[in-house]
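Undergrad: I have a structure here, written as structure tokens, and I will follow up with some questions on it.
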Ligand code: ADP
Ligand code: MG
């Protein structure tokens, strides 16, 4: 058989045709573009282009984490397919998802019930539990990083953006990270932290899903941090009046200041708001 170019895998830098005119999104240090796999024409992927200057000193940890992330295979986790780099950038090739961010979809839908939220959170908990069993902590769970797979009304949700996630190594992961409003108190307190921080963030996401506003809010970051570190949040009237006690109980166990008492993903999955019939079937906004 003739050995032509198509027979052997080509370098990542050659393999993907990045469509610079088709930006899918952007973050603080990265841009995400649509790209076509030149070896499989018609197959599209998302390529996250990370500026190397933003990585100073952290390149090694990024490299370590990439090898772990490539092993994650789950129907609700955006898969990392390939990685390559050049002098100025690191390129993460990911499975393409086209349904947009979680909140945009909910706003567009018009009606939303506790049951809808419960089923969504159940899926997220299962996927995050899977990561945790593989020793991976996401560290930046928030609505912007939850993307719908496609534009169908019943599309599955996908967890994305492992830019900050890190394989849980020798126990202590004490870098300040994440996004202020979703970050767990122990991170802000600069204590050693682990998987539990993801559960806290899922609690914050659940809170927002049910009332439409975040549990912690302040103009100034220092005030916001203080609220989070004290675990100061309320189920304010009238916004929470129609929400079940079961939902509030669920949130209290996720957004629980005491890390040793905070639910694990598995415990959260067993709560009746997720596994039972306590999530209400009435429209909440
Ligand atoms: P950052 O770490 O900079 O926040 P993200 O990975 O969250 O980067 O990507 C930024 C945005 O790009 C996302 O909010 C989303 O809109 C878009 N995006 C990210 N990954 C994908 C993907 N796999 N498919 C389609 N769009 C994506
Ligand atoms: Mg992001």
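Readers should treat all values here as calculations from the given coordinates under stated rules, not as data from a laboratory. It should be emphasised that the depicted structure is a prediction, and the values quoted were computed from it without experimental measurement. Backbone-built Cβ (ideal geometry, glycine too); neighbour counts: all protein chains shown.
Undergrad: Over the chain, calculate the relative contact order: mean separation of alpha carbon pairs under 8 Å at least 6 apart, over the residue count, as a percent.
TA: 15 percent
Undergrad: Oh, and also: Sort 247-259, 15-27 by the packing proxy (mean of other Cβ within 10 Å over each peptide's residues), most packed first.
TA: 247-259, 15-27
Undergrad: What is the distance in Å between the Cα centroid of region 218-254 and that of region 38-75?
TA: First find each Cα centre; the distance between them is then 35 Å.
Undergrad: As a test of the formula, what do you get for the chain when each DSSP H run with n ≥ 4 contributes -39,500 (n - 2.57) and the sum is divided by the residue count, at 222 nm and rounded to the nearest 500 deg cm²/dmol?
TA: For the chain, the value works out to -9000 deg cm²/dmol.
Undergrad: Another question, then. How long are the semi-axes of the ellipsoid equivalent to region 1-151, from square roots of 5 times the Cα gyration tensor eigenvalues, in whole Å, largest first?
TA: 29, 19, 17
Undergrad: Over the Cα atoms of region 176-218, how large are the radius of gyration and the largest Cα-Cα distance (Dmax), in Å?
TA: 10.6, 31
Undergrad: Does region 45-109 come out rounded, prolate or oblate by the C-alpha gyration tensor, with a ≥ b ≥ c the root eigenvalues, rounded set by a/c under 1.5 and, if not, prolate when a/b is larger than b/c and oblate if not?
TA: prolate
Undergrad: OK, next. Any chance you could tell me what percent of the C-alpha pair distances in the chain go past 32 Å? Write out the running numbers ahead of the final one.
TA: On the way: 11425 of 40470 pairs.
In whole percent, the share of Cα-Cα pairs in the chain beyond 32 Å is 28.
Undergrad: Give the peptides 279-285, 113-119 in descending order of average Cβ contacts within 10 Å, highest first.
TA: Highest-to-lowest ranking by the protection proxy: 113-119, 279-285.
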